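Following: one structure in structure tokens, then a few remarks.
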Amino acid sequence: MADNSPLMMTIAVLGGTGKEGSGLAMRWALKGYRVIIGSRDAERAAVFADTFNRQIGAEYMIGLSNDEAAQQAQIVVLSVPYSAHRATLEGVKPHLSGKILVDVTVPLQPPAVRTVHIPAGHSAAQEAQTILGDEVRVVSAFQNVSAEKLKDPDAPVNCDVLVCGDDADAKQETIKLVEAAGLRGFDAGPLANAAAAEALTPVLLYINKTYRVKGAGIRITNID
Ligand SMILES: NC(=O)c1ccc[n+]([C@@H]2O[C@H](COP(=O)([O-])OP(=O)(O)OC[C@H]3O[C@@H](n4cnc5c(N)ncnc54)[C@H](OP(=O)(O)O)[C@@H]3O)[C@@H](O)[C@H]2O)c1
């Protein structure tokens, strides 16, 4: 198992300029991980990282193109809209061999984002594994965590994280990242189970609208 102590680990967040990825990136940076914000536009990523560093008063992040970010990181987190999922993965695939790819993507189908959409490959995470091949250990996580709740990195998040994947070590490393972000992570089975985690998100979006709340989440009960 790789050394997952914060100072030894570089995490790239592809789509890290966005709502979900930026919240996770800030939390990891504040826990001492070296975080690279990835973007289609390296300048946009650099501006995001600089702004965050200035607010905090330290050099916690850098911003690069998605390609360079994937190249330099040990763990790569993908947080882009589903419409950009395949193209982003195909773009960075040459840099992912031997690494863990944590897929946050939910296969929403706008405008019907409150209705479950099962993609052709059963889940976005399984599609990622098919695109990337066996050289990459794909883990799915964070699909049910609202960006709204992540954006203040000091605020507690009232949501658990289902972590699915076919490699036990990769899941344990991802659970450490979940905990570093301030949440509880649970081994929720093989990558095939990612379909369930992904499908919960449109249900939560429906609940948000119906009950006029921001960021309904999930809890696993009866586990201390
Ligand atoms: N928002 C939430 O509360 C939430 C919660 C759980 C899971 N998720 C899932 O997490 C993923 C990211 O969500 P988000 O809300 O952070 O999305 P977002 O803010 O709309 O987009 C994230 C980033 O993806 C990149 N991107 C956008 N369109 C793209 C395209 N056509 N091609 C390539 N890159 C593109 C952009 O980065 P650059 O322009 O810098 O490249 C953008 O900043 C989605 O799959 C979403 O379903 C979101």
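Every read-out reported here was derived from the displayed coordinates using simple, explicitly stated rules and does not represent laboratory data. The structure displayed is predicted, hence computed values, not measured ones. Neighbour counts are summed over all protein chains in view; Cβ atoms, including those assigned to glycine, are modelled from backbone coordinates with ideal geometry.
Observations on the model:
- Separation of the range 104-126 and the range 191-214, taken as the distance between their Cα centroids, equals 11 angstrom.
- The chain - convex hull of alpha carbons, volume per residue in Å³: 117
- Of all lysines in the structure, those lying under 26 Å Cα to Cα from LYS171, and not within fewer than 8 positions of it along the same chain, are LYS19, LYS31, LYS93, LYS99, LYS149, LYS151.
- Amide hydrogen proximity for THR10: with H placed 1.01 Å from N in the peptide plane, the residues at 5 or more positions away or on another chain lying under 5 Å are GLN74, ILE75.
- Of ILE75, ILE56, ILE37, the one that fluctuates the most in a GNM where the chain has Cα springs shorter than 10 Å: ILE56
- Of all DSSP beta bridges confined to the chain, the antiparallel ones make up roughly 5%.
- Sorting ARG40, ARG184, ARG27 from the fewest to the most surrounding beta carbons within 10 angstrom yields ARG184, ARG40, ARG27.
- Largest mean-square fluctuation among VAL116, VAL213, VAL138, in a Gaussian network model of the chain whose springs join Cα atoms under 10 Å apart, belongs to VAL213.
- Nonlocal amide H pairs with VAL139, under 5 Å, H built at 1.01 Å: LEU101, VAL102, ASP103
- Relative contact order, whole percent, for the chain stands at 18, derived from Cα pairs under 8 Å and 6 or more residues apart.
- Within straight-line reach of LYS176, meaning a Cα separation under 16 Å, sit the following aspartates and glutamates at least 8 residues removed in sequence or on another chain: ASP3, ASP103, ASP160, ASP167, ASP187.
- Using the average count of surrounding beta-carbon atoms within 10 Å as a protection proxy, the listed peptides 148-157, 61-70, 77-86 rank, highest first, as 61-70, 77-86, 148-157.
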